1. Inspect all residues belonging to region 29-40 and state whether any of them is at pLDDT below 70 and either surrounded by 10 or more Cβ atoms within 10 Å (Cβ to Cβ) or not assigned by TED's automatic domain parsing to the domain that holds Gly218 (or both).
2. Just for region 356-408: of the residues that are β-branched (Val, Ile, Thr) and touching a Ser or Thr at 6+ places or on another chain (Cβ under 6 Å), which one is farthest from Val562 (Cα to Cα)?
3. Confirm whether Val208 is more than 18 Å from Gly297 (Cβ to Cβ), aliphatic (A, V, I, L, M), part of a loop (DSSP other than H, G, I, E, B) and modelled with pLDDT of 85 or more.
4. Out of (1) free of Cβ contacts under 8 Å to residues at least 24 places away in the same chain; (2) part of a strand (DSSP E or B), the odd one out for Arg542 is which?
5. Any idea which of (1) assigned to a strand (DSSP E or B); (2) modelled with pLDDT under 70 is the one Ala78 doesn't satisfy?
6. Within the group Ile397, Ile411, which residue is touching a Lys or Arg at 6+ places or on another chain (Cβ under 8 Å) and aliphatic (A, V, I, L, M)?
7. Of the residues Val159, Val195, which is more than 15 Å from the chain's Cα centre (by Cα), surrounded by fewer than 18 Cβ atoms within 10 Å (Cβ to Cβ) and modelled with pLDDT under 85?
8. If you check Asp291 against the conditions, is it in contact (Cβ under 8 Å) with a residue 60 or more places away in the chain, under 21 Å from Leu461 (Cα atoms) and of a type outside the set (A, V, I, L, M)?
Amino acid sequence: MRHSRADTDASHLKLSRRAALMGGVQLLFMGGLAARMWYLQVDQADQFRLLAEENRINIRLIPPVRGEIFDRNGMQLAKNVPSYRIIMVREDAGDFNAVLDRVAKLIDLSPEETERAREELGRRGDRSLPITIAEDVSWDAVSAISVNAPALPGVSPEVGTTRVYPRGSDFAHVVGRVGSVSPKDLEALESPDAVLRIPRFQIGKINVEAREEPLLRGVAGNRQVEVNATGRVMRELERREGQSGADLQLTIDAKLQNYVQARLQGESAAVVILDCEKGDILANSSAPSYDPNLFIGGILSRDYDPLLNDKYRPLVNKTVQGAYPPGSCFKMVTAMAAIEEGIISPDDTVYCPGHLEVGGRRFHCWKRAGHGWLDLEGSLKSSCDVYYYDLALKVGIEKISAMANRFGLGIKHDLALSSVNSGLTPTKEWKLRQRGADWVIGDTVNASIGQGFMLATPMQLAVMTARLATGREVTPRLIKSVNGVEQPVLGNESLGMRESNLRKMRKSMYSVVNDRRGTGYRSRIIAEGMRMAGKTGTSQVRSAVVDNKSVPWEQRDHALFVSFAPYDNPRFACAVLVEHGGGGSTAAAPIARDVMLQALYNGEPPLDAYPSADRGRIKTQQRALRDVQPEARINKSKDQA
């Protein structure tokens, strides 16, 4: 059938319209696609570039370098040494169990270390934080990990630092130690620093390391690293360094501390030596001690159990944690309470028949035959108990306790040490509150000679002695400087006591050591200008009067001695405690003389500072101590024939 020309023209027109419509639709689609592409590639380019960067760039914390600790002369007590460790980022590792198994085959990783790492990886909330798999590894281990990097996604070696205590056990009870952050540590903080959440990050656990943690830790930095598809670090893009911790200088003299620790070898004892001028703690020794380096990477049971079960308690800092009845070392406080109140004068006498009847009970003097008539100096020199029983009845417990507080007893001194004990200076109100019982006159009698409820630490006894020696409120100081900035000396104001009374007390303490009838005479110093004043003390640990040699060690009396020297111009105050040592004159006083001379001479003293009868024994002792104190700079030419 033939179509007319008009039909053909109409058909062509319809095709043209359809083509135009289809072309328009195609143009519209292409225009929309072009607009979308422009939107994604131009308008939203920055946002998508950021998303891509986040996929290939990780931000990692840089632990700060911990501040170091030095003694007063610049000797290192705690330092950082470089170490290699192997870390894993779980987010980059994928199947971390399989990766960990491969790591264990490449380096010397014990089953215990592997399991610990597995537990940390499994429970860690933030998967982007690195987990330490192994620390303090060898260069061979680092090389093995690096060579096998493609098969170990998320694993990399890292250079860090670890804490080392070069003086070992000498400063365990002063500097303390560090250890890994525990859940308990985190719970104790309201808003813990992010760096503390890094597994096995180390913080101070006790003593200066713990008490000065904010200063020593510093502030963490961070770095941006580029990683590949397997999580392997390709390069470091940016680094922002943190702030290192502050360096601390202590008041401790490392050489003196080393000598004291050596002198206490074999004893369960404590020694504190204070500078009378500033209150600087020159030695703070508790024996036996332990090596804090054992705790750095986690102490093993075979090392920890002996420390925990030792009856001499090496983990306890006896200088500030141990509170003991001060015994006769407290008699100066009772006497000062009486003479400052004007109840007696130093020249008034009391008769000692060997006992005193109080409330139908007989309180005995240590000398059962009695001392006869005694004034203050005679009572202290002979350590007569009855004299102080009589004073206590006249002055009362409230004034005795108040005087003890003025001399630094019953006070928790603010020191950068752990578990500082406040001791106890009891009162009537204290007994009613704590014991639910009324105070009785026998309590006052016992307290007058440092027994009963009365408790003091060796640190407090050293403070008491420094205040007696100077008449000033000497306050113990342990931190000498922070980053080279000297720390203030606290207290040091006058005690507000009559100087004549203090002079009489010092003269009485001088007689204790230098009078032939004094209880400390055998431990005197004979060098001119170095004479020592002091007081012996025996602290009972049981009520029954039994010869110390006839009972087990744990039931024997504690031995104490407090002293200052030189007598004419006090420079040092010292307190010595020997647990279950028996008598203060036999166990504690000889140690006090030796360490005091070491402080006075700033090293090994000459033999002629000792009485001639002692020089042979002291010469042998000095030779033996040199072998166990290699750090001491001793002039061996002083070893006289």
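The values are calculated or read from the model by the stated rules, or taken from the named source; none is laboratory data. Computed from a prediction, not measured in an experiment: that's the story for all the values here. Reconstructed Cβ throughout: ideal geometry from the backbone, glycine too, with neighbour counts over all protein chains shown.
1. Yes; the residues of region 29-40 include at least one that is at pLDDT below 70 and either surrounded by 10 or more Cβ atoms within 10 Å (Cβ to Cβ) or not assigned by TED's automatic domain parsing to the domain that holds Gly218 (or both).
2. Per the criteria, the residue is Ile397.
3. Criteria not met by Val208.
4. It is condition (2) that Arg542 fails.
5. (2)
6. Ile397
7. Residue meeting the stated conditions: Val159.
8. So Asp291 fails the test.
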